[in-house]
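Visitor: First the structure, then my questions, so here it is.
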Amino acid sequence: MAGQVKSPGAYPADRETTVLQVLSLAGGLTDRGAEGRIRVLRTIHGKKTEVKAKLTDTVQPGDTIVVPERFF
């Protein structure tokens, strides 16, 4: 978990864990976090790829959730 969350870091997740649940483990978004622009860094076929994520998407082993700063 990286970016605009209250407690960035690594969090354990199983196959049923959603992006929203991991965000909750990280204390939620900061007041600058852009909920609508959350991305997941995921290794696909040996290559790091950035994919857009919804709060209901499940995380996979090795995923890094990135919450960018929102624009005012």
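The values are calculated or read from the model by the stated rules, or taken from the named source; none is laboratory data. None of these values were measured; they are calculated from a predicted model. Reconstructed Cβ throughout: ideal geometry from the backbone, glycine too, with neighbour counts over all protein chains shown. Remember, those area values only see protein heavy atoms, side chains included, never the ligands or the DNA or RNA. Shrake-Rupley method; radii C 1.70, N 1.55, O 1.52, S 1.80 Å.
Visitor: All other residues with a Cβ under 12 Å from the Cβ of THR18 taken together, and with Lys, Arg as +1 and Asp, Glu as -1, what is their net charge?
Guide: -2
Visitor: Another question, if that's okay. Using helices alone, I'd like the mean residue ellipticity at 222 nm for the chain: each DSSP H run of four-plus residues gives -39500 (n - 2.57), total over residue count, nearest 500.
Guide: -2500 deg cm²/dmol
Visitor: Please report, in debye to the nearest 20, how large the charge dipole of the chain is about its Cα centre when each Lys and Arg carries +1 at its beta carbon and each Asp and Glu carries -1 there.
Guide: 240 debye
Visitor: Convert each backbone phi in segment 47-55 into a coupling constant with the Karplus relation 6.51 cos²θ - 1.76 cosθ + 1.60 (shift: θ = phi - 60°), then list the ³J(HN,Hα) values in order as whole Hz, x for Gly and Pro.
Guide: 10, 5, 10, 9, 10, 6, 10, 9, 4
Visitor: Loop-only trypsin sites (Lys or Arg not before Pro) in the chain, please: DSSP not H, G, I, E or B, and at most 14 other Cβ atoms within 10 Å.
Guide: Taking the chain and a limit of 14 other Cβ atoms within 10 Å, the loop trypsin sites (Lys or Arg not before Pro) found are LYS6, ARG15, ARG32, LYS54.
Visitor: Skip the ligands, DNA and RNA, and give the accessible area per residue of the chain with a 1.4 Å probe, whole Å².
Guide: 68 Å²
Visitor: Could you work out the relative contact order of the chain, using alpha carbon pairs under 8 angstrom and six or more residues apart, expressed as a whole percent?
Guide: Relative contact order comes out at 42 percent.
Visitor: Tell me the net charge near THR64. Cut-off is 12 Å between Cβ atoms, THR64 excluded, with +1 for each Lys or Arg and -1 for each Asp or Glu.
Guide: Net of charged neighbours comes to +1.
Visitor: Straight distance only, please: which aspartates and glutamates reach the Cα of LYS54 with their own Cα at less than 13 Å, same-chain residues fewer than 8 apart left out?
Guide: GLU35
Visitor: Computed from the coordinates I sent, Kirkwood radius over Cα pairs in Å equals one of (1) 14.6; (2) 12.1; (3) 18.1. Tell me the label.
Guide: The value computed from this structure is option (2).
Visitor: Then there's this: Starting from the chain, pick out the GluC sites (Glu not before Pro) whose DSSP state is loop and whose Cβ has at most 15 other Cβ atoms within 10 Å.
Guide: Hits after loop and neighbour filter: GLU16.
Visitor: Measure off, as a whole percent, the carbon and sulfur share of the 1.4 Å-probe accessible area of segment 1-65, all protein chains present.
Guide: Answer for segment 1-65: carbon and sulfur cover 50 percent of the accessible area.
Visitor: Something else: Under 17 Å between alpha carbons, and skipping anything fewer than 8 positions from LYS48 in its own chain: which aspartates and glutamates qualify?
Guide: Of all the aspartates and glutamates, those that pass the test against LYS48 - Cα under 17 Å, at least 8 places apart if same chain - are ASP63.
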